[in-house]
Amino acid sequence: MNPTRQRRLTIVIAVLVAVIISAALVVYALQQNMNYLFTPSQVQAGEATRYQNFRLGGMVKQGSIQRSSDSLKVTFTVIDASGAMPVEYNGILPDLFRENQSVIATGHMDDGRFVATEVLAKHDETYMPQELKDAMAKAHAGKHIDEAANQDKAQP
Amino acid sequence: MANWIPLWLHKLSSPPAFYRFAGALRPWAITLALLLGLVALYGGLVLAPPDYQQGDDYRIIFIHVPCAWMSLFIYGVMGVAAFIALVWRIKLAEVVAMASAPIGACFTFITLVTGSLWGERMWGTWWTWDARLTSELVLLFLYLGVIGLYHSFEDRRQGARTAAFLALIGIVNVPIVHFSVNWWNTLHQGSTIRLLGPSSIAPSMIWPLLTMMAATKLYYVASLFGRTRTDLLALESGKDWVRQIAETEGRA
């Protein structure tokens, strides 16, 4: 490699390394404070008190959806592993909104409730036909029965 | 040129050799791309079963995901070509880098539009400023920046080298787009197809997706070769080999 190319190679690599280091630092810094959402337990721990408006993310608790009969008002509870938060929303919900579905609600706290101005449904990265889902659910349930049977055997 | 580079590759990087090589391969690439694209569309829109959660709406994945892959892949190719162009000043590398930018920009645009349509149906919003969506938008702006910078110079080669610098710096955004769903809490779900470990998609749905991926790759090759050929002709317009082509093809 001749000296000119050598010099150009050094400059280009130096610039590239500098850019990569600065990008890595920016990404690292943003990971500390760029939160797209807070989970119910984070909110209960007071991590969201700095924000007037924020996003709340979690699962819709089974059996918690209550729709008003005369308006679009709906209340439900969003849960995560250890926390729960009642949510109130007045508007049209996305098609995917249902029990045990991940949702992200934007809004503010009001008297211990989260009043949402927007509710988005989040879906996971799994794609499969309904029959496969049913078969897997059956297999899963079967495993539970087996485990239960084994436990019964273990306790005479 | 360093002696570890094979002679055939060295020869191929000369404009007339690449012009002939690209001209010979281009019809094959475009035919295969069309065939595979049609097979993938039929497989994805007709043969693949509806999703357990999203029903038929998920079928936009067969356009959205291959285009998203291409938006990153083409940026990678452009970045490598830009690097070669900056260090070794190989004319072909400059041309390849600059010809890739509009194709990549198109794929990025399609990704954003189809993602927006899908998001409206499934999430309930056209757009949200989460890390994946924002970094993909930045990718589009990078492509547009490269195109704009290239055309803002009178001298094409100088423009190519300046724009190559932007292309090279922008390459840090590629891993950010890819890993954004792991690094931050995003509305966008994680990766479905994994190179390492099992993919979380049924076999009846994955084959049209992979076929479409092959089709978009071949389309990129065909489009890139077409653009490269015309750019090489324009850049080398004073040279003998171009004059010969003009004489033989002009008469035909």
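Any read-out appearing in this document is the output of simple, stated calculations on the displayed coordinates, not a laboratory observation. Quantities reported herein were computed from a predicted structural model and do not represent experimental measurements. Cβ sites come from the backbone with ideal geometry, for glycine too, and all protein chains shown count toward neighbours.
Once amide H atoms are built 1.01 Å from N in the peptide plane, which residues 5 or more positions from B:ILE201, or in another chain, come under 5 Å H to H? Correct list: A:TYR127. For B:THR125, the residues whose modelled amide H falls within less than 5 Å of its own, excluding neighbours fewer than 5 places apart on the same chain, are B:GLU120.
Scanning residues 5 or more positions from A:LEU56 or on other chains, those with amide H under 5 Å from its amide H are A:PHE38, A:ALA105, A:THR106, A:GLY107, with H placed 1.01 Å from N in the peptide plane.
Derived scalar couplings between HN and Hα for segment A:9-25 equal 4, 4, 4, 4, 5, 4, 4, 4, 4, 4, 5, 5, 5, 5, 5, 4, 5 Hz in order, rounded to whole Hz, by the Karplus curve 6.51 cos²θ - 1.76 cosθ + 1.60 (θ = phi - 60°), x for Gly and Pro. Whole-percent P(r), segment B:58-189, all Cα pairs, 10 Å bins from 0: 14, 42, 28, 14, 3. For chain B, the relative contact order works out to 31 percent when only alpha carbon pairs closer than 8 Å and six or more residues apart are counted. Axis of helix A:130-154 versus longest Cα principal axis of chain A: the two differ by about 70°, to the nearest ten degrees.
The HN-Hα couplings worked out from phi for segment B:117-130 by the Karplus form 6.51 cos²θ - 1.76 cosθ + 1.60 (θ = phi - 60°) are 4, 5, x, 5, 6, 9, 7, x, 8, 6, 8, 8, 8, 8 Hz, whole numbers, x standing for Gly and Pro.
What is the dipole size for chain B, taken about its Cα centre, with +1 at each Lys and Arg Cβ and -1 at each Asp and Glu Cβ, in debye to the nearest 20?
Numbers: 18 positive and 14 negative charges, 147 e Å.
Computed charge dipole of chain B: roughly 700 debye.
As I understand it, the value is the acute angle between the Cα axis of helix B:240-251 and the longest principal axis of the Cα atoms of chain B; what does it come to in degrees, rounded to 10? Its long axis makes an angle of about 80 degrees. Just check segment B:1-138 against the gyration tensor rule for me: Cα atoms, a ≥ b ≥ c as the square roots of the eigenvalues, rounded for a/c under 1.5, and otherwise prolate or oblate depending on whether a/b exceeds b/c. Verdict is oblate for segment B:1-138.
Between A:GLY107, A:GLY57, A:GLY91, the GNM of chain A built on Cα springs shorter than 10 angstrom shows A:GLY91 fluctuating the most. Helix B:131-151 versus the longest principal axis of chain B: what is the Cα-based angle in degrees, 0 to 90, to the nearest 10? That helix lies at roughly 20 degrees to the long axis. The helix-based estimate of mean residue ellipticity at 222 nm for the protein assembly as shown, built from -39,500 (n - 2.57) per DSSP H run of four or more residues and divided by its residue count, is -21000 deg cm²/dmol to the nearest 500.
Is the shape of chain A best called rounded, prolate or oblate, per the rule: a/c under 1.5 gives rounded, else a/b larger than b/c gives prolate, else oblate, with a ≥ b ≥ c the square roots of the Cα gyration tensor eigenvalues? Let's see the in-between values first.
Values: a/c = 2.51, a/b = 1.49, b/c = 1.69.
The shape class here is oblate.
Comparing B:VAL138, B:VAL46, B:VAL77 in a Gaussian network model of chain B (Cα springs below 10 Å), the most mobile by mean-square fluctuation is B:VAL46.
Kirkwood hydrodynamic radius, the protein assembly as shown, all distinct C-alpha pairs: what's the number in Å? Present the calculation step by step, with values, prior to reporting the outcome.
Working: mean 1/r = 0.0402 Å⁻¹.
Value: 24.9 Å, from the Cα pair sum.
Note on chain B: GNM, Cα springs under 10 Å; of B:ARG121, B:ARG26, B:ARG156, the largest mean-square fluctuation is that of B:ARG121. Using a ≥ b ≥ c from the Cα gyration tensor of chain B (square roots of the eigenvalues), is it rounded, prolate or oblate, where a/c under 1.5 gives rounded and otherwise the larger of a/b and b/c decides, a/b for prolate? Cα axes put chain B in the prolate bin. The percentage of C-alpha pairs in segment A:39-95 whose separation is greater than 17 Å is 42%. For the protein assembly as shown, the share of DSSP beta bridges that are antiparallel, to the nearest 5, is 85%.
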